[in-house]
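In what follows, a structure is listed as structure tokens, so that the remarks can point back to it.
The values are calculated or read from the model by the stated rules, or taken from the named source; none is laboratory data. Source: prediction; values computed, not measured. Backbone-built Cβ (ideal geometry, glycine too); neighbour counts: all protein chains shown.
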Amino acid sequence: MTKQTFSRRRFLGTAAAGATVLASPVYLRRANASGGEVNIWTYNDFVPKAFKEQFEAETGIKVNVRLVDDQGKQFNLLAAEAPNPSVDIMTVAGHRFLQFIDSDLLAPLDTDRLSNWGNINPTFSESDWSTINGHKWGAPILSGMEVLAYNTELVSPDEVKSWDVLFSEKYKGQTAYVIQDMMSIIMLKMGYDGNMVEYLGDPDKAAAIVDEAKEFLIEKKPLVRKYYDGGAEVQQMFVNQDIALAHSWNGPAAALINDGFPLAMTIPQEGSYGFVYTYNIANNAPNPDNAYTFLNAILASPEIGAAMTKASGFISTYKGAADYLSDLEKQSTSFTDEELANLKFFRAEANEMKYGLVDPAVEAIKAA
Amino acid sequence: MTRGNRIFLSCIYWAFVLYVFVPLILMVLMGFKDSKFIGFPIRSWTLDWYTGVLGNTEVLSAFGYSVAIAVLSTLISVAVGTWIAVLLEGRKFFGRTAVFGLTVLPALVPGIISAIAFRIYARWLGIEPGMGAIIWAHAVHNVPFVALVVMARLSTLPKSQIEAARDLGADPVITFMRITLPYLVPAILGASIFCLLLSFDDFVRSFFLGGYDPTLPVLIFAKLKSGMSPEINAIATVALVLTAAIGIWAERFTRRLNKD
Amino acid sequence: MGYPDMSDETAQGARSNQTKDDLSGQTFWGRLAGWTPYRLLIGLATASPRRQFLVLAALPIVWVLTQHLGPMLQMLRVSLTDAYPVAPGVEQHFTLDNYARFFGDRIFWQPFFRTLIFAGVFTFCTLILTYPVAYFLARHVSRKNQMLFLLLLLVPFWVGEIVRTYAIMILLGNTGAVNQLLKWIGLIDRPIPFMYTSFSMGVGIVYLTALYMLLPLYSALEKLPKSLNEAAADLGASAWTRFRRVTLPLTIEGISSGCTLVFLISTGFYATPVLLGGPSTTVFAETIAGFFHVAGDEWPTGSAFATIMFFAALVLTGTFQKLMNALRKGDSK
């Protein structure tokens, strides 16, 4: 049972979503009732319960979900299991692809085997970040972005046009951010390519840019309340009013908004970065056929995408998923065209160089 | 002892009780909050989180799984840890320092390192991830705590008792079972509490060595990803009440056994 | 819970049994001692002191070598390589660079020393806070109630680290219980920012470690004969002198094992310092974890750093134990 099913306020909405999934045209009958199992590593609520039950009933494939809580642990676990992993499908964020691919942990995705591939919004399925070494590596399911979230009772919308507000004297001791993510945003804010792809041929320039961003954050260190790591932390800081505004991922911020907390989020004028959670098939997966059956099934209907959005607060990559959201949920997962104009996706190509520079910079900022 | 002293100390005790209980009371209280997030102010209340947890087979089976792992790994740790303590305490032999150093080793390795090291080592030994692997890792990790606590108690065992037993013709095994072990019981039970706690609360080793069934901390971490909700508080409260019930039952049960 | 209670009873039970029957009387043990196969086995095992020692030492030595040293050597091996896990087509080389990286870059020293200092300070705080509590329990509470009082303190420790840590946020946050209370009393108008400071971190860590200090202290104080103190009082020693000259030296063992436990546990804390600490309280466990979480190919560096922390903690606790032993010996003279 997921948490939504027993919060009275949310119960009706989830039950309705569950019912529509169950009542939707039977899209799985075509699949062979092959039996066996499929092993998935994913976040809590990323596989909607109603979907899982229906999938198991109709295909005879047992779905084993192993709950994980971050990307690094999945990588470590998979690396420790390689070359004979126990897992078929993992949940990797698009900009972390390269690390998994370089270590030979992912199998390229054969999109021809997924008749429902076209149900994904092409913004996500055909975007430039998603193709590496000439292959697709994952099926996009949810999309997130780096946003500026603020308590609407303490901060006015006029003040959050720029990321600079995070570093203003007015909100001294009332801000929080994830340093790694902030480094990319600061580079973007300074007019550079935060993905560092442009500087692949010029490591000296890359180092100088990271240094500049680092010096900026060190200079602004007295103003920050907390460098945090997880979504639950920033949510708790907002609830406790330990902070008034923060850099956040849209998912955790949306969850607070949907719960009625006076919070809003925006993408400031300097722009920001987006990322996409994808389902990926492990290299040498034990049940590859079942993995494809599962992926095709989960992509089948926008209701499933909407159910994932309701649970996580992240934006569904499915075409038409928004039609199944409540007004509040729609509001917390949509941005104006003006805001989206400067949104870029994180890219993996230069990650080795970028994080080789950013990680020590992060240590230096923490130590400063 | 002066009366003033006693009152002063009793104040400190109750202040300490307050310190350990206030966060706990907050935890129980937040389980009744009608919202997806814990924290003040609480605008409306609900019983749904608690009733939900009691009907949630995923949570209850994770709890049972964690209890089983804690009990079994503790039995192994206690047996091995006590044995090592008996070897090390008051005995001088070549390599004693090395054995002592190796004994406390697992307690010194940071969690994440120890978890990954265990995972790699388990693969090398051919141990499949799952319940057995978690029990093994917890048992190894907890041995140092048993050994340290038991050694401390053993160092205060009057030598005369051992010598008397030996003079009466008891062999080393019988002397250990009749004299040493009864003397060690308080330390062993204290150490068992450490082990049960460490195992029951362990996340990182359980995560790396586990299979598809989550232990309670693994489930809580996964749920935390979508926010610290009152549900997690309700889970922790229910787990606390259930462990207390098991503890009281075990205590009564052994008491009855002792009387028979 | 309820184990300490059982403990006393079984211990006393065993002791009273022992006085009732002769050591080789007609008890289970008496019969066992007379059973021929058992005698043969014991005879074989204890034929010489040397053999007796080998039998006793075999299991512990095999266990620590295979179970304790094995994983550690694995870590050591990883720390001396340039790539791990090894990607296909890459050759692994031996290197000391991972260690050089720590000594070559000052930014790592700060969290390293901070961790050792924090662990020391928090251990001291835990000791100061729990000693009177343990003293009260052992000396001023009637034996019948002791277990009840002790168990009361153990209850919160059955709640996981994360849940308790979030409870502390609810306690100390700007809209937390403490600030609400102070406001209601009228002591403050604006909330005091307790959270994300060394203070909130200390509150959280002492909360997690108190038990590991309390139990050894209690067991040391509990077995201290009251008559000693009374004798000292009869000789005219003041309360403070009695404490300093009688109680404290006799509980050094408990203090030493409690402090060792708490220190070791505190150097390894990760979640609590990360969640409750502020921008300037980064601990070394966080630095190490960063090498495993952020970039996968930095396992060797992470392992090397962990090895360094490990040796530092080992040296410190070793020195501490030696110091305590010296104190004990000096006092018993």
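Couple of notes before you dig in:
- Put simply, of C:Leu56, C:Leu129, C:Leu69 the only residue that is in contact with a helix residue (DSSP H, G or I) (Cβ under 7 Å, 6 or more places away or on another chain) and at pLDDT below 85 is C:Leu56.
- Of the numbered criteria (1) of a type in the set (A, V, I, L, M); (2) in contact (Cβ under 8 Å) with a residue 40 or more places away in the chain; (3) at the interface with chain B (Cβ under 9 Å from one of its Cβ atoms), the one C:Leu65 fails is (2).
- Residue count for the range B:117-142, restricted to those that are more than 19 Å from B:Phe194 (Cβ to Cβ), in a helix (DSSP H, G or I) and more than 7 Å from chain C (Cβ to nearest Cβ): 8
- Those residues of the range A:138-158 which are among the charged types (D, E, K, R) and out of contact with any Phe, Trp or Tyr (no Cβ under 8 Å at 6 or more places or on another chain), in sequence order: A:Glu153, A:Asp158
- Test: A:Leu78 is within 14 Å of chain C (Cβ to nearest Cβ) and more than 25 Å from A:Ala297 (Cβ to Cβ): no
- Whichever residue in the range B:166-193 is at the interface with chain C (Cβ under 7 Å from one of its Cβ atoms), touching a helix residue (DSSP H, G or I) at 6+ places or on another chain (Cβ under 8 Å) and within 13 Å of C:Trp29 (Cα to Cα) and, among such residues, is surrounded by the most Cβ atoms within 10 Å (Cβ to Cβ): B:Arg178
- Any chance A:Ser162 is surrounded by 14 or more Cβ atoms within 10 Å (Cβ to Cβ), touching a residue at least 60 places away in the same chain (Cβ under 8 Å) and of a type in the set (Gly, Ala, Ser): yes
- Pick from the range B:12-36, criterion within 29 Å of the chain's Cα centre (by Cα) and either of a type in the set (Lys, Arg) or over 18 Å from C:Trp158 (Cα atoms) (or both), ranking: farthest from the other protein chains (Cβ to nearest Cβ): B:Phe32
- Members of the range B:154-185 that are closer than 19 Å to C:Gly43 by Cα and not in a helix (DSSP H, G or I): B:Leu168, B:Gly169, B:Ala170, B:Asp171
- Selected residue (criterion: surrounded by the most Cβ atoms within 10 Å (Cβ to Cβ)) from residues of the range C:137-187 that are among the hydroxyl-bearing types (Ser, Thr, Tyr) and closer than 21 Å to B:Ala236 by Cα: C:Tyr166
This table checks each residue for (1) over 30 Å from A:Lys49 (Cβ atoms); (2) in a loop (DSSP other than H, G, I, E, B).
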{"residue": "A:Asp323", "(1), (2)": "no, no"}
{"residue": "A:Glu339", "(1), (2)": "yes, no"}
{"residue": "A:Lys344", "(1), (2)": "yes, no"}
{"residue": "A:Arg347", "(1), (2)": "yes, yes"}
{"residue": "A:Glu352", "(1), (2)": "yes, no"}
{"residue": "A:Leu357", "(1), (2)": "yes, no"}
{"residue": "A:Ala361", "(1), (2)": "yes, no"}
{"residue": "A:Ala364", "(1), (2)": "yes, no"}
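- Screening C:Leu148, C:Leu214 for residues that are at pLDDT 85 or above and closer than 24 Å to B:Phe8 by Cα leaves exactly one candidate, C:Leu214.
Per-residue answers, yes or no, for (1) farther than 26 Å from B:Ser114 by Cα; (2) crowded, with 24+ Cβ neighbours inside 10 Å; (3) of a type outside the set (A, V, I, L, M, F, W, C):
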{"site": "B:Ser206", "(1), (2), (3)": "no, yes, yes"}
{"site": "B:Gly210", "(1), (2), (3)": "no, no, yes"}
{"site": "B:Asp213", "(1), (2), (3)": "no, no, yes"}
{"site": "B:Ala222", "(1), (2), (3)": "no, no, no"}
{"site": "B:Met228", "(1), (2), (3)": "yes, yes, no"}
{"site": "B:Ala234", "(1), (2), (3)": "yes, yes, no"}
{"site": "B:Gly247", "(1), (2), (3)": "yes, no, yes"}
{"site": "B:Arg252", "(1), (2), (3)": "yes, no, yes"}
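- Only one of A:Ala361, A:Ala311 that is under 22 Å from B:Lys36 (Cβ atoms) and either touching a Ser or Thr at 6+ places or on another chain (Cβ under 8 Å) or in the same structural domain as A:Asp202 (by TED's automatic domain parsing) (or both): A:Ala311
- Residue ID - farthest from the chain's Cα centre (by Cα), chosen from residues in the range A:50-89 that are part of a loop (DSSP other than H, G, I, E, B) and aliphatic (A, V, I, L, M): A:Ile61
- Filtering the range A:321-349 to residues that are crowded, with 19+ Cβ neighbours inside 10 Å and either aromatic (Phe, Trp, Tyr) or under 30 Å from A:Gly201 (Cα atoms) (or both) leaves A:Tyr324, A:Phe345, A:Phe346, A:Arg347, A:Ala348.
- The requirement of being within 14 Å of chain A (Cβ to nearest Cβ) and either in a helix (DSSP H, G or I) or aliphatic (A, V, I, L, M) (or both) is satisfied by C:Met169.
- Scanning the range A:103-147 for residues that are crowded, with 16+ Cβ neighbours inside 10 Å, among the charged types (D, E, K, R) and within 21 Å of the chain's Cα centre (by Cα) yields A:Lys136, A:Glu146.
- Some residue of the range C:109-125 being within 13 Å of chain B (Cβ to nearest Cβ) and in contact with a Gly (Cβ under 7 Å, 6 or more places away or on another chain): yes
- Residues in the range B:203-227 that are small (Gly, Ala, Ser) and assigned to a helix (DSSP H, G or I): B:Ser206, B:Ala222.
- Qualifying residue in the range C:280-298 (condition: part of a helix (DSSP H, G or I), in contact with a Gly (Cβ under 8 Å, 6 or more places away or on another chain), within 14 Å of chain A (Cβ to nearest Cβ) and at pLDDT 85 or above): no
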